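Below is one structure, written out as structure tokens; comments come after it.
Laboratory data are not the source of any read-out in this text; all were calculated from the coordinates shown. As the structure is a prediction and not an experimental result, all values here were calculated from the model. Neighbour counts are summed over all protein chains in view; Cβ atoms, including those assigned to glycine, are modelled from backbone coordinates with ideal geometry.
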Amino acid sequence: MFERIIVVCLGNICRSPTAKFMLQQALPNKHVDSAGITAMVRDGKAWEMDAKARAIAEANGYSFAEHRAQQLNRELVANHDLILVMDNEQRNYIGQRYPEALAKTMLLGHWLNKKEIPDPFKRSDEVYQHVFELIEKSCNEWKTKL
């Protein structure tokens, strides 16, 4: 039923690429992508995955491919069966901007009692680790449901 999944956060450099790569590895027969509501772009170039987010993932045994932030748009919304977001504010944004997508938009932390996953950008290593653990638990739950 859900063959094409997109994970969305704010900048598409920390949380959504982490979840994308985890889900991709856990569900190799699914197409998993990621995007940001305000994707991080500087001087016309999309940002790579945040170095601290990548380092925390690697310290926890993951190896992720290269990543470039991309902006969420109507085409991405239309081309995915399931949209996973980090918090209710992002879900509300998608519902307002793309009302046709609200029914297929859920929290990544849905199976963790609808837990929201905070943005670790420019925060301490401990915050990044905590967010990584929430994403990992959430992805582990999703892989059993998908």
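Numbers for the structure displayed
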item	result
Per-q log10 I(q)/I(0), the chain, q = 0.16 Å⁻¹ (Debye; single scatterer per alpha-carbon; no solvent)	-0.78
The chain: most fluctuating residue of K20, K104, K122 per GNM, C-alpha cutoff 10 Å	K122
Farthest positive-ward along region 4-145 dipole, Cα basis, beta-carbon charges - from I83, N113, S34	I83
Listed residues E75, E126, E89, most fluctuating in the chain (Gaussian network, C-alpha, under 10 Å)	E75
Alpha carbon centroid spacing (whole Å) that separates region 48-73 from region 86-142	16
Within region 4-145: Cβ-based charge dipole about Cα centre, in debye rounded to nearest 20 (Lys, Arg +1; Asp, Glu -1)	260
The chain: calculated mean residue ellipticity at 222 nm from DSSP helix runs of at least 4, using -39500 (n - 2.57)	-12000 deg cm²/dmol
